């Protein structure tokens, strides 16, 4: 044990107040950056590469005006609390998907605008001229908004061919929605139509999941025995739409058909234990589901798909 001499103790006591009052170095104050994360996520699926793109995200109030409109406020609040999310606020995500088959670069949906989608594509290392195929799951504005550039007349993906469901395109044509007329109609001569079971590209098969829109489609992606489902807007929230598939969503055109599609699509995903990408799931939008009672529990992907190399 070390003992201080009287002289050392007196010296230490005399200098301590001086040392305590010496100013510490001052560094430049860092600015608050706000919440955020990388705008893309990439993993392997067999011989394919799959990249999810964060084309936009925004917060919203009064979520029960959109989700669970047929549920009681008490049930909505209870389910929200049980899942550690607020019942009066939500965060929405817009997530196009790029699948590189090695032969073609396939883009699923185009976001709210070309600007947001291209920013995420640039971060991921893609340029719009590299896109060979654009697959449109359905014709809602947040999926077709990026088809045209800032001038509203020049196709964003100049070298691409386009694939969409025949039922969806026919219904949108009859409705003559402004966004459809502006963004999709000019591309009609470059569109190939698919029905349930039709091929959009090598290893990519369309499946009918009507209800959210008249001809809403989901897509199965398969390579070297590995499989993934791109579910688009079949379920628009990871709790309110998956745990309660019978809860109605304001934007579902045919609410009974949409609920049936949720049960069928996610029932298959749960049974086959395969990953899926949901357009509005929390980014990066990749996860699994487990069947629980009348609904499904969402399990976000962790490192499973990173192990594909």
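The values are calculated or read from the model by the stated rules, or taken from the named source; none is laboratory data. None of these values were measured; they are calculated from a predicted model. Methodologically, a virtual Cβ is constructed for each residue, glycine included, from the backbone with ideal geometry; neighbour enumeration extends over all protein chains shown.
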Which condition breaks for residue 199 when tested against (1) free of Cβ contacts under 8 Å to residues at least 12 places away in the same chain; (2) within 13 Å of residue 137 (Cβ to Cβ)? (2)
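On the given criteria, is residue 106 under 30 Å from residue 154 (Cβ atoms), within 15 Å of the chain's Cα centre (by Cα) and modelled with pLDDT of 95 or more?
Numbers: under 30 Å from residue 154 (Cβ atoms): yes; within 15 Å of the chain's Cα centre (by Cα): no; modelled with pLDDT of 95 or more: yes.
The answer is no for residue 106.
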Taking the stretch 167-200 and keeping only residues that are surrounded by fewer than 16 Cβ atoms within 10 Å (Cβ to Cβ) and more than 24 Å from residue 115 (Cα to Cα), one is left with 170, 173, 174, 175, 176, 189, 192, 195, 196, 197, 199
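Please specify each residue of the stretch 124-144 satisfying the condition of being farther than 19 Å from residue 252 by Cα and under 16 Å from the mean Cα position of the chain (by Cα). Outline the logic, then answer.
Quick first cut of the stretch 124-144, residues farther than 19 Å from residue 252 by Cα only: 124-135.
If the condition is that a residue be farther than 19 Å from residue 252 by Cα and under 16 Å from the mean Cα position of the chain (by Cα), then 124, 135 are the ones that fit.
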Got at least one residue in the stretch 251-273 being touching a strand residue (DSSP E or B) at 6+ places or on another chain (Cβ under 8 Å), assigned to a strand (DSSP E or B) and closer than 27 Å to residue 63 by Cα? no
Looking only at the stretch 208-223, how many residues end up being under 23 Å from residue 131 (Cβ atoms) and either at pLDDT below 95 or over 19 Å from the mean Cα position of the chain (by Cα) (or both)? 3
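Table: residues versus (1) loosely packed, with under 10 Cβ neighbours inside 10 Å; (2) modelled with pLDDT of 95 or more; (3) under 30 Å from residue 248 (Cα atoms).
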{"site": "6", "(1), (2), (3)": "yes, no, no"}
{"site": "14", "(1), (2), (3)": "yes, no, no"}
{"site": "18", "(1), (2), (3)": "yes, no, no"}
{"site": "22", "(1), (2), (3)": "yes, no, no"}
{"site": "26", "(1), (2), (3)": "yes, no, no"}
{"site": "34", "(1), (2), (3)": "yes, no, no"}
{"site": "46", "(1), (2), (3)": "no, yes, no"}
{"site": "62", "(1), (2), (3)": "no, yes, yes"}
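Tell me, which strands (runs of 3 or more DSSP E) lie completely within the stretch 111-215 with 3 or more residues that are out of contact with any helix residue (DSSP H, G or I) (no Cβ under 8 Å at 6 or more places or on another chain) and closer than 25 Å to residue 283 by Cβ? Steps first, please.
Working: elements: 133-136, 161-165, 191-194, 199-201, 204-208.
Those strands (runs of 3 or more DSSP E) span 133-136.
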